[in-house]
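First comes the structure, then the notes that go with it.
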Amino acid sequence: MTVGRWAASAALVTALGGCAWFGTSKPKPQDLGPNVVKLDIRQAWTARVGAIKDVSLSTHVLGDAVYVSAADGTVVALNARNGQDLWRTTVGKPLSSGVGSDGVTTAVVTKSNELIGIIDGKQAWSKRLEAGAYTAPLVAGARVFLVTADRTIAAYDARTGQALWSQPRTGEPLVLRQPGVLQAVGNTLVTGMAGRLVALQPDNGAVLWEAPLASPRGTNDVERLVDLVGPTFTQGNVVCARAFQASVGCVDAARGQVLWTQTARGSVGVGGDAELLAGTESNGVVQAWDRADGKKLWSVERFQHRRLTAPLLLGRSVIMGDDAGLVHVLSKQDGSHLNRLQTDGSGMAAAPVVAADTLVVVTRNGGVYGFRPE
């Protein structure tokens, strides 16, 4: 991850979404007051994709490129330096997941349960799936990896879409309709399965180890739902993740050993750096933990009921968006206010990302914004 000037400047699928509100009215958030700027950040560019709507979006970064998909099937690769299209295409069908890419092959999943591969900005192949997918495909090592709603993990040839292997998994009967965990850690494929971080051999899907971050509890299937949710934070062999409404924790992926866990009631993933892990709870409280041992460092309550995204740690800042289209920039040291940025007011569709020393956020209306510090 690039910090640059930022460091210098300052089976059954449940309809239960992690950010869903229940009841007839949403609690009113408190007034944030005037924006007293302590870290000068300016909008550098803006771009547009189609509306995000109910797509389980996760923005993908590869080098200076940012990959974004929209609900209508639009897939765009943007240059994070200037917001210009590197390429733009449409698969012609509504999407159910975010986008994954290795710079050669880009992959998305449609609501009609098709895995589609895009090469050189054009659709190259498609593969029919037995179940839907809400986690973006992982494209790595000339393969496309996918975890579907029936908890099957599979690999496909990135050039042709040919099926390479498939590993069905049993587990809790419900899964979340939001991005989960699917990533590479060194030469290991790591995914989330019902509260466990699971490592697999990418050549055949054989399980290498399982590390529990939370255990299903409760008297019904909804209460027992503890799937791991994205995004995660990874540094070296350490992977830190959130179990839905249960806990956060870090795992040594070289040994499959849980380093620590802490009880936490959140529904979106976490962000971190070498020193700190940060997360947003379902009620809007922002919490920071020591990345090494899980000790609670600070918490901020002024964003309650704002439906926050997972945070991004960038330089000396902790950054997250909310459902009013605001981007909040906090001090990594104590959570104090540094700045508040405006977008189109439609709410954030995904956690902020950084590419080419640019903070990039995507809104539900399809606005893509690039910000940089002065």
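The values are calculated or read from the model by the stated rules, or taken from the named source; none is laboratory data. Quick caveat, the model's predicted, so the values are computed rather than measured. Neighbour counts are summed over all protein chains in view; Cβ atoms, including those assigned to glycine, are modelled from backbone coordinates with ideal geometry.
Points to keep in mind about this one:
- Residue 350 passes every criterion in (1) touching a Leu at 6+ places or on another chain (Cβ under 8 Å); (2) not in a loop (DSSP other than H, G, I, E, B) apart from (2).
- Residue 96 within 21 Å of residue 59 (Cβ to Cβ) and modelled with pLDDT under 95: yes
- Pair list, Cβ under 8 Å, 6 or more apart: region 80-96 residue closer than 18 Å to residue 125 by Cα, other residue of a type in the set (Lys, Arg): 89/122; 93/111; 94/111; 95/111; 96/111
- Summed over region 26-56, residues that are at pLDDT 90 or above and hydroxyl-bearing (Ser, Thr, Tyr) total 1.
- The lone exception for residue 305 - which of (1) surrounded by fewer than 21 Cβ atoms within 10 Å (Cβ to Cβ); (2) within 23 Å of residue 224 (Cα to Cα) it fails: (2)
- Residues that are in contact with a Pro (Cβ under 9 Å, 6 or more places away or on another chain) and more than 21 Å from residue 244 (Cβ to Cβ), drawn from region 258-301: none
- So residue 349, is it touching a Ser or Thr at 6+ places or on another chain (Cβ under 9 Å) and aliphatic (A, V, I, L, M): yes
- Scanning region 166-193 for residues that are modelled with pLDDT under 85, outside any strand (DSSP E or B) and under 24 Å from residue 309 (Cα atoms) returns a single hit, 176.
- Here the strands (runs of 3 or more DSSP E) wholly within region 227-343 that include at least 1 residues being within 21 Å of residue 42 (Cα to Cα) and at pLDDT 95 or above are 312-314, 317-321, 326-331, 337-342.
- Among the strands (runs of 3 or more DSSP E) confined to region 41-115, the ones with at least 3 residues that are at negative phi and either surrounded by 24 or more Cβ atoms within 10 Å (Cβ to Cβ) or of a type in the set (Ser, Thr, Tyr) (or both) are located at 65-69, 74-79, 105-109.
- Flag for residue 315 being in contact with a helix residue (DSSP H, G or I) (Cβ under 7 Å, 6 or more places away or on another chain) and either surrounded by fewer than 20 Cβ atoms within 10 Å (Cβ to Cβ) or over 20 Å from residue 83 (Cα atoms) (or both): yes
- Flag if residue 136 is modelled with pLDDT of 95 or more, within 17 Å of the chain's Cα centre (by Cα) and in a loop (DSSP other than H, G, I, E, B): yes
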